[in-house]
Every structure is written in C-alpha cells, then in structure tokens.
1. To the nearest 20 Debye, how big is the dipole of the protein assembly as shown about its Cα centre, given +1 on the beta carbon of each Lys and Arg and -1 on that of each Asp and Glu?
2. Distances in nm, one decimal, shortest first, from A:D141 to the same residue in every other copy, taking the label point 7 angstrom along Cα→Cβ.
3. Quick one: which residues, 5+ away or cross-chain, put their amide H under 5 Å from the amide H of B:T74? H built at 1.01 Å from N.
4. I want to verify a result. In a Gaussian network model of chain B, Cα cutoff 10 Å, which of these has the top mean-square fluctuation: B:I82, B:I106, B:I59?
5. Hey, can you grab everything whose amide H is under 5 Å from the amide H of B:V136? Only 5+ residues off in sequence or another chain; H modelled, so Pro and N-termini drop out.
6. Can you list the lysines whose alpha carbon is less than 19 Å from that of A:K117, not counting same-chain residues fewer than 8 positions off?
7. For segment A:153-165, what does the Karplus curve 6.51 cos²θ - 1.76 cosθ + 1.60, with θ = phi - 60°, yield as ³J(HN,Hα) per residue in whole Hz, taken in order and with x for Gly and Pro?
8. Taking amide hydrogens as modeled 1.01 Å from N in the peptide plane, which residues meet the under 5 Å criterion relative to B:D103, leaving out close sequence neighbours?
There are 2 protein chains.
Amino acid sequence: MNKTPLALLLALAVVAPPLAAETQMSAPAPNGMTVPVGWQNWRLIAVSQRSDGDTLRGILGNTVAIDAARSGKTNPWPDGAILVKINWKQKVSETFPAATVPDHLIHVDFMQKDSQKFAATGGWGFARWLGLEQKVYDKGDVAQECLGCHGMVKNQDYVFTHPAPMP
Amino acid sequence: MNKTPLALLLALAVVAPPLAAETQMSAPAPNGMTVPVGWQNWRLIAVSQRSDGDTLRGILGNTVAIDAARSGKTNPWPDGAILVKINWKQKVSETFPAATVPDHLIHVDFMQKDSQKFAATGGWGFARWLGLEQKVYDKGDVAQECLGCHGMVKNQDYVFTHPAPMP
C-alpha cells in the first residue's frame, strides 16, 4: 500500500467523514451557542446511567476535549473543549433482560469551554437541544438551571464526568 | 478560511489522529484476531448497563460498522464490520449519587464480521482482551462461550446491540 501522507489523509477522511449539515438548522441556544457540526463523530469520553429519570448517557468530546481527557489535563479543561452528553431514556433489553439499553433520544447537552466568553457561567457555555429534531431548549434561564447542578462540582471545573479508563 | 480539499483533509486528520501502536503488543486471540489499532477512536453506536455484574458499557464501531449502523443495514452486518464493547465496572458517582459511572476497565470485547473466515461461528470472530494491559482472554473455547449467549440472537445476526437513536 502506498503510504504517502496524502493517502494517509484520505484514509483518515474515511474514518471521520463530515456529517450532513441538517443539525445546523437548529435554533441557537439562549447564550448564542449553535449545534457543533459533526458532533456525532466525536470520540467517547465516558458513559453513565441515571436512576432519577432512568436514562443512559454517552459523553463524547471534540478534539480539544479528547486530547485533554487522554492526557489527564481536565482541571481545568482547556479553552476550546466541547463536551456533549447524549441522553437516552433507558429500557430493558428485549433479548437479554439483565441489560438496560437505549430507548428514544431525550436530549443532547453541550458544555463549551471559553473562559472569557462564558466568564459569567464558570467559563462554560451550556446548551441543550431536544429530541431527534434537535429543538433548542430555551425555557427560563438555561445557564442558571445548568449551573444549579454543575456548580456543585466547581472544584472539578464544573464537569461531573471523569474520563473513563481506556487502554 | 481556505477550504481546499487538502485543507479539509488536514482538518479531518486532526479529528481522528492515528493512535500509538501499543495495543498491538497484545497476544492474538485463539481465533487469530488481533486488537484493531486505533479502536479507541471509533465512533459510538450505543451504550448499555448490565445488572448481572454491575457494569457499564460503550459500544463503538469501525467505519464499516458505523456506515451500516447509520443506514440501518445491520441484519446482517456487512463483512468488514467490527464492533467493540468496552466494559467497565460501575460505581455510584461521588458527586451525584443518582448517577452510575465507570469504575475500572474490566475487558474489551470485539466482534469482527467475516462470513467466510468465521463461518463456523455465525460469520463472526469473537475476541476479548482484559484490563488496561489488554491481556488476551484465552481460557477454554472462547468462541463457543461467546456463541453460548450470542446464539440467542441469531435472528439479529448474533448482535445484541441496536444502534442508539442519534440526531
């Protein structure tokens, strides 16, 4: 196989193709954040389950976030890091009852680190889009609602997620 | 910004950099499978939780698998598809008790579709590597042990996982 840099780049392009831009159609969040294009292709940081509401979650990060997670530099997370938490309602697996698996998508939550732009909310921009149609969540004061919980972990830069151990 | 194809490819290369090759040091599985280089960069297909053993899982796929998952062509999965299930012991979050989060890594399981090569085991090669050191799991007849459960879902091409809904 011809291993020129260009061939390598082409191979990588297949690994992470650009997504269709339909999510860009979603309205911006109250703080001005827009849905990052291609977040569905971001890499895994962790998973979680919540007993209040019975949800399963996958937490992905953009390149800045992944680099920080894999080098242990997450307190604070660097400017430019974006985390996304995908929230599914959970259900019992139809084929393996001891397993809990994703049901429908409820919402997708983003945290974007920008110490200056979002200085008023801990250096993080918070945003949520609902359902497969990614309708913006804009009821009430979204940022303060998010900080109501995330403020509990100010000492870990407002982020609950710890990167899960990976080989 | 200069949007030439080369610039785009360079940008994508940053999105999915090649991983270090240390996982290649793991011994091959009994069926000859080796740890796929860079699986930690694969994209998310689903998450799950298991009450028998108290584990959280992330399921990723290589490009062939992701293309199949996103186009709904997973019964059968195409030859060349590789799925990986990362298994963590679960623990209660120290900062949010309603949340269950990953503790240590237990094992990483792969299913590789090759209808001819793995015809004797439903068209799938099964392999497992243990812990962060990725020690090969080779006790007993691994393939038959895997099929002992996966055979239950022969009608969905031996795969329990359904791709989780994504926007």
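Every read-out reported here was derived from the displayed coordinates using simple, explicitly stated rules and does not represent laboratory data. Values in this document were obtained by computation on a predicted structure and should not be read as measured data. Note that each Cβ is placed from the backbone with ideal geometry, even for glycine, and that neighbours are counted across all protein chains shown.
1. Here the size comes out at about 320 debye.
2. Listed shortest first, these distances are 6.6 nm.
3. When sequence neighbours closer than 5 places are left aside, there are no close amide H contacts.
4. Looking only at B:I82, B:I106, B:I59, the largest GNM fluctuation is found for B:I106.
5. Under 5 Å from the amide H of B:V136: B:A27, B:L130.
6. List returned: A:K154.
7. 10, 4, 6, 10, 6, 6, 10, 6, 5, 9, x, 6, x
8. Sorted by chain and number, the residues that satisfy this are B:K89, B:Q90, B:K91.
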